[in-house]
Amino acid sequence: MHLAAITTDVTPTVGYSSIDFSFDGYDVTLYDLGGGSSIRGIWHNYYADVYGFVFVVDASAETRMDECLEVIKTFLANKLVQGKPILL
């Protein structure tokens, strides 16, 4: 098994991007939506069209954990999110 080197120069997503690829015979589109308060307003536009979510928490931003908890609660309360798989 090859372990990747730890990278410390990762920057947050500003705005959004997407990538299309095929995996195991399936066409897949991944959306990378930024988590900043100025971009969260667009998240709901994607909820109906996706089959699952990966919710990334920046554990190094300890001062923002309360904000993150509120964002997750709001996210999980949306009817279009409920019942879909979520990886946290």
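Quick notes on this structure:
- Checking each residue in the stretch 58-85 for being at pLDDT below 95, among the small types (Gly, Ala, Ser) and either outside any loop (DSSP other than H, G, I, E, B) or surrounded by 10 or more Cβ atoms within 10 Å (Cβ to Cβ) (or both) picks out only Ala61.
- Looking only at the stretch 18-57, and only at residues there that are modelled with pLDDT of 90 or more and of a type in the set (Ser, Thr, Tyr), the one that is nearest to the chain's Cα centre (by Cα): Tyr31
- Residue count for the stretch 13-37, restricted to those that are under 22 Å from Thr74 (Cα atoms) and either exposed (fewer than 10 other Cβ atoms within 10 Å of the Cβ) or among the basic types (Lys, Arg) (or both): 1.
- The residues of the stretch 39-55 that are in a loop (DSSP other than H, G, I, E, B) and either of a type in the set (Asp, Glu) or surrounded by 11 or more Cβ atoms within 10 Å (Cβ to Cβ) (or both), listed by number, are Ile39, Trp43, Asp49, Val50, Phe55.
- The residues of the stretch 37-88 that are under 16 Å from Thr13 (Cα atoms) and hydroxyl-bearing (Ser, Thr, Tyr), listed by number, are Ser37, Ser38, Ser60.
- Residue pairs meeting the criteria (Cβ under 6 Å; at least 6 apart or on separate chains; first closer than 18 Å to Gly34 by Cβ, in the stretch 4-24; second at pLDDT 75 or above and of a type outside the set (Ser, Thr, Tyr)): Thr13/Asp32; Thr13/Gly34; Val14/Gly34; Gly15/Gly34; Tyr16/Leu33; Ser17/Asp32; Ile19/Leu30
The values are calculated or read from the model by the stated rules, or taken from the named source; none is laboratory data. From a predicted model like this one, the values you see are computed outputs, not experimental measurements. Note that we place each Cβ from the backbone using ideal geometry, even for glycine, and neighbour counts take in every protein chain shown.
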